Each structure stands twice: as structure tokens, then as C-alpha cells.
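Scroll down for the structure; my scribbles are underneath it.
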Amino acid sequence: MEKIIKIKDLITEYDGRRILDGITLDIKENEVFIILGGSGCGKTTLLKHIIGLLKPVSGSIEVFDQEIVGMEEEDLDEILMKCGVLFQNGALLNSLSVGENVAIPLEQHSNLDRELINRIIETKLNLVELAHAMYLSPAELSGGMKKRAALARAIALDPLILFCDEPSAGLDPITSKAIDDLLLQLKRQLNMTIVVVTHELASIHRIADRIVFLDQGKALFVGTLKEALASDIKEIREFFTVGRFE
Amino acid sequence: MNSFEFKKDTLVLKDELTIINAEAFLNFVSANISSIKKENKFSIDLANLRTIDSAGVAAIDQVIDSLKKSSIETKITNASEKVQNSLTAFSSLELTGKDFVKPRKLGYFEGLGDKGFNFFDNVKYFIYLAADMFFWGVVGIFSKKGQRKGEFVVQSNLIGVNALPIVGLISFLVGFILSLQSAQQLRSFGANIFIVDLIAISMTREMGPLMTAIILAGRSGSAIASEIATMKISEELDALKTMALNPIKYVVLPKLYAMTIATPLLTIFADIIGIMGGFLIGITYLKLSPTAFVDRMAHVMVLKDIITSVVKSFVFAWLITIVGVFFGLRAKGGAGGVGRSTTASVVTAIFMVIVADSILGLLFY
Ligand SMILES: Nc1ncnc2c1ncn2[C@@H]1O[C@H](COP(=O)(O)OP(=O)(O)OP(=O)(O)O)[C@@H](O)[C@H]1O
Ligand SMILES: [Mg+2]
């Protein structure tokens, strides 16, 4: 499989505080890649660098074989049009209804007419089981519903790469499984590459192809789920055993 | 009745040591500190202590730590199992030196330099932002791509139409009072008719644009700053960027256009209403005939007065919008951050409007 994202020696800081300290990893086409690590270890930070929202101190990030560090805004936009992003807190525009939120990318980056756009919105909302919430405002949604609405917006343009920051945090196990099934469906049917930050063991077992485990700014482990389960690195063994019912 | 008792080198605690009497315990120890130091050894007897909470444990630990500095070892004796469990769970003795990283505080001159550097950084960013907004403002007229549909109408209503009553009321009062104050002086010279010169020129050149701008800075400048700050803090702007949308185009342009159109119109409206205030004084208090007032006005008002009014209002509109957007985009740190940027935006906008008014006043004099 082709490498779709290549990260090399990525070093990042917030106000001089080192967060990521030399991360090197590749993400392959059409795989589900999981970013793991303790709370506050820099998973969201890594994600935001890959989509060019934050500028690293040093290192290189290639997406679709193009270096995005220091890239011109227009070129970055070209790349972002092929990516969908689900933010950790949803980041829906509060002044628009749920349906209008999903419509933003369609209205702005296509010249489809309104009727067609509406039909697409309905399908996407239906995929995340939010058809009934189309005309509600984000303020009227629960935390989990916001996440699902934001996921619908992220896949509005059928992106090649989908980034999800904790898609199933705060969801019940059934809905969480439904989201996982949706991600797998997107992977199989649309050949999407999916990058997911998650802590849910059940979810990891269901969807993961490969995993990176971040710890103290370093990538402690990069490999397949199978390798991770067999790993004898203490932190990883702990992660996979502590959460399991025995 | 006191639950602390001091016997030779032993402090006996009874009943309970909790958040309620922890402070009293510390005071009790410091009152007896001299005798403790004399003995050179010290123990705390917990045999009769039934309850202790984290505040109690912290108090005991504080005593242990402070006595350790005068190299006196403290022994804890006879703790029941329950008390011992609390002592272990809440112990703060091993915490010192753990990584509670405090941000380094800047020295006085360092702080001053940092402030200066920040200030220039802000000025630089402000100029970039102004240039960016000007660029997209012009480009956006010709290409609607990346702008939010229908938003211009919504914003024009919010910024322009909804402001009509307050702008009208305030300009009327300003025109009315301005004329009333001068009318008496004019009447004593028998120069009644000159009220027309006075009110027409001062309203169009100065008070109309200025009052409108100040109202808009408070009303719309603050709304712009707080909306953008909220969007920044809840990552809505980041989300727009990842959808390959430029927040300036998508969020700011409709507001900029609405301000650019609404401010001059509101200003002309304010001019007219203000002059009507003067008209009322003219025909009542100064006993001018309405035709005389209108005739005189047609005579003294020149195109330049109206142009001054409009040019000023354009400049003010842009200043208010840029300042609002600037503080909105610079917001950080939760709900408090939104409040701070909003306040800063109103204060700065009013200040800059008045400075710009003075400069333009000199230019158009
Ligand atoms: N805007 C910011 N300014 C300063 N520091 C930040 C900012 N955002 C995050 N950090 C710091 O960066 C570190 C990593 O944060 P990040 O959000 O990437 O964690 P995370 O791994 O996503 O955690 P979680 O699982 O809780 O979402 C944290 O120590 C945090 O304090
Ligand atoms: Mg996170």
C-alpha cells in the first residue's frame, strides 16, 4: 500500500513547552490508523499538525506526497479539500443549524443546486443517525449528538482521508459500535484512509489496522494491532490489559 | 474544651482534626513552638483521634515539614488503622520537588521588554490583518466564492436597520441640546439665524459621524469581537480552515460589507435628525420661520460638508470592524477571554475613532 502521510522528526512546542519530541511515522492508504496515548500527551496536537492548523518547530509532514510545512495557504486548501476533520469537541458553527453545518463544504466547494445538496445532507445525517436533528441548532444537541453531526460534516465531501479526534468518547456502546461500523464502511466502500484518536479498547479491536502509541512526546510504538497486542513494552501491555474485563 | 493538649514533648490530639479545626491546630502548635524547640524531639499522639480529613493531614504534614527545618524529627504514634489510612492517602510529605512546574516569572525589565515586544507584534499583526481585510474586501466584491450566502443581508439588518432608533434618538438629543446651548448666546446678539450655520455644519462635519461611530463601536464592534472570539475559542474557525474556507472571507466579509454600507447611511440619517433637533429650537425658542431656516440651510451647506460626513463614516466603519476582528482573533482562554477581547475592542475602537476624527478634522478643515 502507498504511504499517504509521511511524518519525519516532528518537533512541536506550545509557548516553549515541548509537546512532541521527534515523531516519525507513516500512514498508509486505505488503512485505519489509531493514535493512542495518555490524556494530554499530544494526540490532538499531532492531528492539528498533520492538517496544517499548527506550525511545527521542525520536522516534515508530507500529505499526498506534498510537504505541508510552510506551504502556501491556497495549496494547503487544495489538500484540505480532500480531507475531512472531526474535532474533539465537534466545532460545529453555532450560528447555523445542524443541516446547514453539513452543507457548508458542499455549498462552498461545489456548484450543486440546493435540492441535490439537501439530498446529500439527508444521506449523511442519516448515516450518523441524526436525520431528526437536521433543523436543530448545535446548542440543542447532546455531546454525543454534536460529535455525530460533526462527523456528518467531515464526510460531506467524501474525503480521501478522514481525521477523527475521539469519535466515540461520550457515546454509549451501541452508538459507538455504529460509528465504528460506519468508519469501516467508509474505508471499504470509499477507500478512505482513516486516522482516529481513541481510547476505547473495544473500538480499537474493531477497527484498528495500525497503531501509534505516544508517550512523553515520543512514538513509543508503531505497528499493527496484532504486534501491539503481542508487544512487551510495559506501557502498551498495561494499556491493553487494564481496560479488559477478566 | 480543647481537643489539643501538650504534654512535655508530646502533642495529644483528641476526637477529630478536620477542616474545621486544622487552623486552630496550627495556631496551637506555633503558640507552643518554643517549648517544642527546647525539647528537641517531638511526637504527636493520635490514640484518641477518631477522625481526620485531608485538611487535618495537611496540617500535620505542615508541622512535620516546618519542624524538620529546625532539624526536629516528628514521630506520629498510636494512630488507629482508619486514621493511618488517611495519613497515607493524603500525605503531602513526598510531594515537594515533584513536578508542579511553575511558569518562570519575568523580571521587571524583562517584563517591560516583553510588553514592548508584544505591542509591536500586535501592531504588526493589526497592519497585516487590515491589509488582508482590504484585499479580500476588494476581491470579494467580484468573486462571491468562499463567502456565506445571505449573511450580508442578515448583518446589514443587525448592524444598520436595528441601530436606526438609537442613532436617531441620540442624534436628535445632541442636535437639540447643541442648539439650545448656543441659542441663548445668539439671541443676545440678535444673530438668531446663525443657529442654522451652527447646527448644519457641526452636525454634518463632526457630531453626526462621531456619535454614529461611537454608537456602532459599542453596539456592533462589540458584537463582532465577541462573536469571532467565541468562534476562535470553540475551534469553529479552525474547523472552517480545515474545510478549506478562509475565516476572513466566510465570517468577516459580510460584516465588513454591512458596516461599510450601513455606517454612511446611518451617519446621513444622524445628520438629518440632528439638524431637525436644531430646527425645533430654531422655530420655537428663536422664533425663526421654517422657510427662513431651510433657505439659510441651502445657502450655508456645501457639498464638502456632506462629503466630510461620508468620508469620515467610511473610515470609522473600517476602523471599528478591523479592531473588532483583531481582538476577536486574538482571544484566548475560555469565556473570560471573550469578555476581555470584547471590552478591549470597544475601548480601542472608540479611542481610534476619536483620534481618526481629529486627524480628518484637520485635513478637511
Ligand atoms: N492551546 C494550547 N496552548 C498551550 N498548551 C496547549 C494548548 N493545547 C494543548 N496544550 C498542551 O499540549 C499538551 C497536549 O495536548 P493535546 O490536546 O494534544 O492532548 P491530547 O493527547 O489530545 O489529550 P486528550 O486525550 O485529553 O484529548 C497538553 O499538555 C496541553 O497542556
Ligand atoms: Mg485531545
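The values are calculated or read from the model by the stated rules, or taken from the named source; none is laboratory data. Just so we're clear, the structure is a prediction, and the values are computed from it rather than from any experiment. Virtual Cβ from ideal backbone geometry, glycine too; neighbours counted across all protein chains shown. Side chains included, ligands, DNA and RNA excluded: accessible areas come from the protein's heavy atoms. Shrake-Rupley method; radii C 1.70, N 1.55, O 1.52, S 1.80 Å.
When you filter the trypsin sites (Lys or Arg not before Pro) in the range B:266-361 for DSSP loop state and at most 15 other Cβ atoms inside 10 Å of their Cβ, you are left with B:Lys287, B:Lys332. Compared with the dominant Cα axis of chain A, that is its longest principal axis, helix A:173-190 is turned about 90°.
Checking the Cα-Cα distances for A:Lys43/A:Lys226; A:Lys226/B:Lys241; A:Lys177/B:Lys332; A:Lys28/B:Lys332; A:Lys8/B:Lys332; A:Lys3/A:Lys43 against a 27 Å cut-off, the pairs over it are A:Lys226/B:Lys241; A:Lys177/B:Lys332; A:Lys28/B:Lys332; A:Lys8/B:Lys332.
For the range B:229-349, the solvent-accessible area with a 1.4 angstrom probe is 38 square angstrom per residue. Round to a whole angstrom and tell me the spacing of the C-alpha centers of the range A:43-115 and the range A:182-246. Going from one Cα centre to the other spans 24 Å.
Among the residues of A:45-58, the average count of other protein chain beta-carbon atoms within 10 Å of the residue beta-carbon is 1. I'd like the chymotrypsin sites (Phe, Trp or Tyr not before Pro) in the range B:59-125 restricted to DSSP loop residues with at most 14 other Cβ atoms within 10 Å, sorted by number. Here the sparse-neighbourhood loop sites are B:Phe100. Ligands, DNA and RNA aside, B:His299 has an accessible area near 130 Å² when probed at 1.4 Å.
In the calculated pair-distance distribution of the protein assembly as shown, the portion above 33 angstrom amounts to 63 percent of the Cα-Cα pairs. Rounded to the nearest 10 degrees, the angle from helix B:253-284 to the longest Cα principal axis of chain B is 60 degrees. Normalised by residue count, chain B yields a Cα convex hull volume of 277 Å³ per residue. Of all lysines in the structure, the ones whose alpha carbon falls short of 21 Å from that of B:Lys38, not counting any fewer than 8 places away in one chain, are B:Lys7, B:Lys8, B:Lys68, B:Lys69, B:Lys75.
Here the simple spin-label model places points 7 Å from the Cα toward Cβ, and for B:Ile306 and A:Arg17 these points are separated by 6.0 nm. Put B:Asp45, A:Asp113, B:Asp61, B:Asp121 in order of accessible area, highest first, and with a 1.4 Å probe you get A:Asp113, B:Asp121, B:Asp45, B:Asp61. Ordered from highest to lowest accessible area with the whole protein assembly present and a 1.4 Å probe, B:Lys232, B:Lys8 read as B:Lys8, B:Lys232.
Per atom type, the protein assembly as shown shows carbon and sulfur on 60% of its accessible surface, probed at 1.4 Å.
Short-range pairs are left out: with C-alpha atoms under 8 Å and at least six residues apart, the relative contact order of chain B is 18 percent. Ordered from highest to lowest accessible area with the whole protein assembly present and a 1.4 Å probe, B:Glu39, A:Glu166 read as B:Glu39, A:Glu166.
Remark: mean inter-chain Cβ contacts per residue of A:106-113 equal 2, using a 10 Å Cβ-Cβ cutoff to other protein chain atoms. Between B:Gly140, B:Ala183, B:Leu198, whose Cα lies farthest towards the positive end of the dipole of the range B:126-364 when Lys and Arg beta carbons carry +1 and Asp and Glu beta carbons carry -1, centred on the Cα centre? Ranked along the dipole, the leading option is B:Gly140. Across q = 0.15, 0.17 Å⁻¹, chain A modelled as identical point scatterers on its alpha-carbon atoms has Debye log10 I(q)/I(0) values of -1.08, -1.35, in the order of the q list.
Can you compute the equivalent ellipsoid semi-axes for the range B:4-101, i.e. the square root of 5 times each eigenvalue of the Cα gyration tensor, sorted largest first and rounded to whole Å?
Details: eigenvalues 75, 64, 30 Å².
Each semi-axis is √(5λ); the values are 19, 18, 12 Å.
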